[in-house]
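Below is one structure, written out as structure tokens, with a few remarks after it.
Each value in this text was obtained by applying a stated rule to the coordinates, not by laboratory testing. These numbers come from a predicted model, not from an experiment. Reconstructed Cβ throughout: ideal geometry from the backbone, glycine too, with neighbour counts over all protein chains shown.
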Amino acid sequence: MSVLIYTENWDGKFKKLSFELVSYAKEVAKKLNTTVTALSIGNVEETELKKLSIYGANKIITVTNANLSGLNNQAYTSVIAEITVKENASVIAFAHNNTGKAIAPRLSVKLKAGLVTAVVATPITTEPFVIAKKVFTSKAYAKVSIKSSIKILTLLQNAYGLNESPEAFNLETFEPILNESMLKTTVLDVNKISGKILLTDADIVVSGGRGMKGPENWGPIEELASLLGAGTACSRPVSDEGWRSHDEHTGQTGKIIAPTLYIACGISGAIQHLGGVSSSKCIVAINKDPDAPIFEAADYGIVGDVLKVLPDMITAVKELKALS
Amino acid sequence: MKILVCINNVPDTTTKIKFVNNTAFDSNGVQWIINPWDELALTRAIEIKEAQPSEIENITVINVGLAEAEATIRKALAIGADNGIRINYDAKDSFAVAYQLAEYIKKENYDIILCGIESSDYNGANVGGMLSEILEFPSVSSISHLDIKEGKLILKREIDGGQETLSTQLPFVGIVQKGITKEPKIPSMRGIMTARTKQLLVIEAASCESLTDFIEFELPKPKAACKKIDPENVRELVQLLHNEAKVI
Ligand SMILES: Cc1cc2nc3c(=O)[nH]c(=O)nc-3n(C[C@H](O)[C@H](O)[C@H](O)COP(=O)(O)OP(=O)(O)OC[C@H]3O[C@@H](n4cnc5c(N)ncnc54)[C@H](O)[C@@H]3O)c2cc1C
Ligand SMILES: Nc1ncnc2c1ncn2[C@@H]1O[C@H](COP(=O)(O)O)[C@@H](O)[C@H]1O
């Protein structure tokens, strides 16, 4: 028996979510009295792979195969199914991101294993296996039991956090069996946005809404974000108007994020916007309307003109950074 | 080409969520809508058909649900789907939905099957992927661009921090997210009139079992009141974030 996790690398470096997933799997494995096996597909150097063991992976399996260079849902599913059987895994965990959402449901069918997505914590009980997930775009939670012997989960990002628990480093390579019938999609071209902090990976996010008045006013948002090492986001109308690019749109129909700090600048806090950010640990709202619904979701708030408040905030953060 | 769009019937996104005895969603007074991503998928299919009538033979919408979902299916017909299907079944989980859809699709020959990335009620993000695996079709998820040129699909998918262009064999399951089209299409008066005459076929469900059980629901704990800081004293906010919340 073991807990198997699917890790993801970005140009050979693991994303933070992979380390979170190992940390999480470690606690699940403890509850089940078993070990954690991490699967890595693609070229990752040994020094990077070793980092997975710091968070508790007992075994790391790497797969490098030319047919797996682009995400092919069918082929990836087949490889992970093979490894599940080989490792006798009873729980398989993915991050609840584009990749996890693409593969986990296919794997669920292939292994006849119940799947619970967007889980927010470790299982409440393991016999029966009951786990909590978000529903209604974080407006509620549900406890779901999985009836099959193999269980598949996708973990909501930043729901668990990082936790070091070093283990001996045990590396293995695996050569999958792939046939033509699994290779029906091909990635023709990849266009990566470089130099930007990945929104879903960011610990801090500074976000702007229509209250910012226009794209020319985004300078302070970017400056504050760069001071804090934060990602930048926006509300839907802002990306619809083309003030900011679509990959910044957060909310129910955009990206769902859960940073430790979310700073909402000139955002009213419509329910569909909150659906994408309400799981943030701490929310700061700057809005000139004291009755804006964002203040109901916020931990700290300033009622005032965001275009005046932001420069002051930048000064104050600079002061703080100078002291520490 | 024949397109099938899978549509879920969900509570309006502004619904205040309540439960009956913490075991079931309280649907009292709830307004039902087409799941937002499914509405975008349908809109995109119709846009392609309108721009290139020769490429698309037919757009069918399908729902797995009980009779109350028919108003939502009619809305999809009013937006521009050619015909609708309802599989009469009260599914307990996403697997059961995917299974019912697959049983129907196996007997037909659709080239493109579209699903939304997730249902806004139970936030599964399951059905599209499950369906494709049952059918052993290729799937592409997080699709943010879909077009057809001379019988060939042009697809783009969102990845974390970028975008990929893909090709796929048909038939395939496309799982769409935002970006696929700008705004959902609103039914016209004429659309609403003609929807009444379009076919809405009800078919009986196959027997199947679910793999999971929803056992309990819970609302999040109420949040502590927001601490207001004077706009003339932004330094205090930064101090609080540093010393009290410990987030910077
Ligand atoms: C099905 C559906 C899905 C949706 N999905 C999303 C989604 O995913 N994400 C999303 O964001 N929205 C979504 N929306 C839209 C959502 O309902 C709101 O319309 C949107 O979030 C509002 O964006 P906003 O807060 O930037 O703009 P507004 O609502 O216009 O708010 C602007 C705010 O700025 C404040 N303001 C103005 N000037 C200043 C100033 N000088 N200083 C300080 N404050 C100022 C105002 O008081 C106001 O509160 C969705 C809507 C629907 C129907
Ligand atoms: N009851 C249903 N009937 C038809 N399609 C559905 C149903 N439930 C979900 N779907 C489709 O599957 C997608 C993902 O749903 P889910 O896995 O429930 O989050 C939705 O966007 C729909 O396209």
Grab the beta carbon distance between B:Trp32 and A:Ile124, set R0 = 41 Å, and tell me the FRET efficiency rounded to 0.05. 0.85
When only alpha-carbon atoms count, how far does the protein assembly as shown stretch along each of its three principal axes, as whole angstroms with the largest first? 70, 63, 51
Using only Cα atoms, find the angle between the long axis of helix A:16-31 and the longest principal axis of chain A, and express it within 0 to 90 degrees, rounded to the nearest 10. 50 degrees
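Averaged across the residues of B:164-177, what count of C-beta atoms belonging to other chains lies within 10 Å of each residue's C-beta? Don't skip to the end; give the middle numbers.
Working: counts 8, 6, 8, 5, 4, 4, 1, 1, 2, 2, 0, 5, 0, 5.
Mean partner shielding for this stretch: 4.
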Which number comes out as Rg/Rh for region A:2-182 once both Rg and the Kirkwood Rh are worked out on C-alpha atoms? 0.94
Within a Gaussian network of chain B (alpha carbon springs, distance under 10 Å), most fluctuating of B:Pro138, B:Pro187, B:Pro53: B:Pro53
If you line up the long axis of helix B:94-106 against the longest principal axis of chain B, both from Cα atoms, how many degrees apart are they, to the nearest 10? 20 degrees
How many partner chain Cβ atoms sit within 10 Å of a residue's Cβ in peptide A:312-318, on average, as a whole number? 5
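Given Cα pairs under 8 Å that are at least 6 residues apart, what percent is the relative contact order of region A:2-182? Before the final figure, lay out each step's value.
Values: 380 pairs, mean separation 51.3, N = 181.
It comes to 28 percent, rounded to a whole number.
Residues of B:237-245, mean number of Cβ from any other protein chain within 10 Å of their own Cβ, rounded to a whole number? Mind showing how you got there, number by number?
Values: counts 11, 10, 3, 4, 12, 5, 1, 3, 7.
For this peptide, the per-residue mean of nearby foreign Cβ atoms is 6.
If you take the Cα atoms of region B:2-220, find Rg, then find the Kirkwood Rh from the mean of 1/r over all pairs, what is Rg/Rh?
Working: Rg = 17.0 Å, Rh = 17.8 Å.
Answer for region B:2-220: 0.95.
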Top mean-square fluctuation among A:Asn287, A:Asn158, A:Asn72, Gaussian network model of chain A, C-alpha springs under 10 Å? A:Asn72
Give me the distance in nm between label points sitting 7 Å out from Cα along the Cα-to-Cβ direction at B:Glu55 and B:Thr23, one decimal. 5.0 nm
Using Cα-Cα distances under 8 Å and only pairs 6 or more residues apart, what relative contact order does chain B have, in percent? 24 percent
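Determine the dipole magnitude for chain A: charges of +1 sit on the beta-carbon of Lys and Arg, -1 on that of Asp and Glu, nothing else is charged, the reference point is the Cα centre, and the result goes in debye to the nearest 20. Walk me through the numbers before you get to the answer.
Values: 33 positive and 32 negative charges, 195 e Å.
The dipole magnitude comes to about 940 debye.
Over chain A, what relative contact order in percent results from Cα pairs under 8 Å that are six or more residues apart? Don't jump to the answer; show the numbers that get you there.
Values: 679 pairs, mean separation 45.8, N = 324.
It rounds to 14 percent for chain A.
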Using alpha-carbon coordinates, inclination of helix A:98-110 to the longest axis of chain A, degrees: 30 degrees
Pairs A:Lys30/A:Lys59; A:Lys196/A:Lys255; A:Lys110/B:Lys156; A:Lys192/B:Lys156: which exceed 24 Å Cα-Cα? A:Lys110/B:Lys156
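Dividing the Cα convex hull volume of region A:204-323 by residue count, how many Å³ per residue is that? All intermediate terms of the calculation are to be shown ahead of the outcome.
Working: hull volume 10.8 nm³, N = 120.
Each residue corresponds to 90 Å³ of Cα convex hull volume.
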